[in-house]
Structure formats: C-alpha cells, structure tokens
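Single-structure report; data block below.
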C-alpha cells in the first residue's frame, strides 16, 4: 500500500507541476501579468481548500480505496480539460480557473485518505519514515515533471500537450486502486484500534470543538501554514524567478528546479528515518514529553534552517543562478524535515477514526494561506518591479513565526481517539 500511495503522490505532483512549467509559454501567448499568473496558480489551492474538510471526514467513514479513486478521476479529467478552457488572449480566464479548482479539489482527497491508511498500516515507530516516503513521492513527481515537461514541449511544440499527457497517465492509476488496493490490513497493526462500526458515525459525532480548542492542533496548523507559504511559492514561482532574474527559459528553469527537489527527497528520508530511530530508543512508549521534544526539534530544523537560507537569498540576490539554486535547495531540503514534525504529529494526536479529519482541520486554513502566498507574490512582484528580495524576505519571516508557534504550543498527548 505504501508503494501505491507513493506512486499516487508522484503522479499528483506531476499534474500539479504541469502548470508551473506551462505558465511560461501560456503567459507569452496570452499576455498574462504576474498578478494573473498568481491567480491561476492560487486557484488550484482554493479548490483544494474547498474539499479538504469533507474529504477528511469521509476518509474516516468511507472506503479509502474508493475515496482515493474518486479523487484521482476528478483531478485527472480536470487536468485533461485545462487547455480546452482558453483559446485566445481575448478569452475569459474564468473557465481556466474553474478547471484548476477542480484539479485541486481532486488532489485534496489524497493526503487525508493517505493519513487514514498510514494510521492503520504502520506502527508508532514507523510513522515518520512512512510519511517521509510518501512525501518523497511528491518531490519525485516534481523531478519527473521538470525533466519530462521540456521534452514534451519540444516534441509537440505546444504547452497544451503537457496536460493531455499527464492527465491521461494519472487516469491509469484507477486500475490498481480499484482492483488491487485494500482498505485495511488483514491483521490490524499494533497500537491501532480502528473499528469498522465507526463508519456509522455522523458528522455531528466529530470532535470539532475539541480540535478547534486544542493547542496541539493550533501548533500543527501554524507550522503547516508556514511551510505551505514557502512550498506553494516554490512550486508556483521558482521557474518564473529564474526567468525574470536570470533570463533562463522553460528548459533551463526546469533543470534548475531539479536539485531542490532531490534535496527534498533526501531531506525527508533522513528526517523520517532519524526521527523513527530516536522514537524507537525511548524506553517508555508512553513518554509524551520525549516524543514532544522530538517533534519540536525536527519541526524547528524544518522551518528555521529554510528561514536562514531564504533570509540570505533575500539579503542579496546572487549574480550567479547556481548560487540562488543552492539557497533554494537548502530551503526545500530542510522543509522536508516537517515530515518528522507536524506531519508525524498528526499520527500521534489522533487514532485512525479521526486522523484524516484532524489533518484536514489543520490543513484547511494552511492551504488558504499557501494559496494567498501565490497570489500575494504576484502582487508584490507587480508592485515592486520584480523585487524578489521582498518575496523571499517575507517568506523567511513567516518560517520563523511558524517555528516559534510550534515550539510554544505543541505536545504529543493523544486527544482524538
């Protein structure tokens, strides 16, 4: 199941990254401003935000296998439909924005459902490693998209083919999810006690008030928001940064974006493996203080090191593109330490019944903040004459605030079982 989750994450990232690459030739063809480009990028996240809360509830009440298949079908078909929504510079971008919203809505089902599946299929001392492996699928998909997209553009000579190829490939995922995947292991993993009868619960039975009042949930939301600000900005705007700052085109900017993604894969694996190893060495499995300190340590690394990297980039945009690439690689590589921070914390704070919902409750506002980051970045660039120092300086500040909030508020005590 973990391998199938990884493949699903990989293909979802490929579909998402298609727009980050295609937006450059699209902007030339349709004369988009940076603000328009930011709007197009942010609408995927808006669609994600609209659906993630009901997706989180359904993840605990419905078949994870069928729920995942429905999300895959939606985002794949919407990806294929994307280039059909705009035909000329005079066309309204409204249909294009709706298509991107539907892609986001479909992809919003992936992580709450994955959280439910991992809660049932993994042990306590496997959580960080499993999450790191899952999130490496997103980074790997980004690498594949960045390598493959320029080839597809050169071969077909048209950005539209990116969406047709990637959307069709994702549709093939329906086969293993419908015919090979299982909702739960034959023998439940130790420490997980999901009861199939819980599927009879209604939305009124969810611990909404407790989640909203939980300091731990607030810590996860604020750290997630800080990470999303940087992650969404990197996904949507890094190719444009290389173009505007260094005059590097689609192929060059795609290649320049690969090293940060590789750093993201490696950072997540190192963080997940190390965190699980430390958790395994805790003498008393019920030692909440030790687990709390582990999460705080890795979350701090996952936000403060990226803050330092982007702070240096904002202080002085280097003349050489490869130096900027190294700063961005450090940013993305250490952001992956979040897999052993707030991401793994979700598994500690909740049992299988509410794991997907807790992820959604803490993710919904974080997704909106990430969405705001892509739009605000466009506004800043238009207003400042493409001053990227302001963009990266603001990003660094938000990282620091997220790390401080997590350190102050988080504890590992299970609250939603």
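Since every read-out is calculated from the coordinates, none of them should be taken as a lab result. Nothing here was measured: the structure is a model prediction, and the numbers come from that model. A quick note on method: Cβ atoms are made from the backbone with ideal geometry, for glycine too, and the neighbour counts reach across all protein chains shown.
Summary of values
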quantity	calculated
Binned Cα-Cα distances of the chain, short to long, each 20 Å bin given as a whole percent	29, 59, 12, 0
C-alpha center-to-center spacing [the stretch 1-34, the stretch 96-125] in angstrom	16
Crossing angle, helix 94-107 versus the chain [Cα axis fit, 0-90 degrees, rounded to tens]	30
Share of pairwise Cα separations in the stretch 57-189, more than 17 Å, in percent	67
Taking only Cα atoms of the stretch 291-338, radius of gyration then Dmax in Å	12.4, 43
Efficiency of FRET from Cβ geometry, residue 308 and residue 281, R₀ 30 Å, rounded to 0.05	0.55
Reduced Cα scattering model of the stretch 117-157, Debye log10 I(q)/I(0), q = 0.15, 0.23, 0.33 Å⁻¹	-0.51, -0.73, -0.99
Relative exposure of 382, 411, judged by other C-beta atoms within 10 Å (fewest first)	382, 411
Diffusion coefficient, µm² s⁻¹, Stokes-Einstein with Kirkwood Rh over alpha-carbon pairs of the stretch 232-304 at 25 °C and 0.890 mPa s	165
q = 0.13, 0.16 Å⁻¹: log10 I(q)/I(0) that the Debye formula gives for the stretch 200-326, counting C-alpha atoms only	-0.75, -0.96
144, 51 arranged by Cβ crowding within 10 Å, fewest neighbours leading	144, 51
GNM top mover of 246, 359, 164 - the chain, alpha-carbon springs below 10 Å	246
Residue 414-residue 174 pseudo-label distance in nm [points 7 Å out on the Cα-to-Cβ vector]	3.8
Rounded, prolate or oblate (a/c below 1.5 giving rounded, otherwise prolate when a/b exceeds b/c) for the stretch 328-394 by Cα gyration tensor	oblate
Convex hull volume of the stretch 66-110 per residue (C-alpha atoms, cubic angstrom)	43
At 0.890 mPa s and 25 °C, Stokes diffusion of the stretch 104-179 via Kirkwood alpha-carbon radius, µm² per second	167
Tail beyond 21 Å, pair distance distribution of the stretch 297-417 (Cα, percent)	47
Rg to Rh, two decimals, where the stretch 254-359 supplies the alpha carbon set and Rh follows Kirkwood	1.09
Residue of 112, 176, 239 that the Gaussian network model of the chain assigns the largest fluctuation, springs spanning Cα pairs under 10 Å	176
Mean projected area in nm² (Cα convex hull; one quarter of hull surface) for the stretch 1-58	5.0
Approximate spin-label separation residue 7-residue 319, in nm, with each point projected 7 Å along Cα-to-Cβ	5.0
The stretch 1-105: projected area of the alpha-carbon convex hull, averaged over directions, in nm²	6.8
Quotient of C-alpha Rg and 2.2 N^0.38 Å, computed over the stretch 359-417	1.49
Contour excess over end-to-end distance, with Cα ends at residue 273 and residue 400 and 0.36 nm allotted per residue	43.3 nm
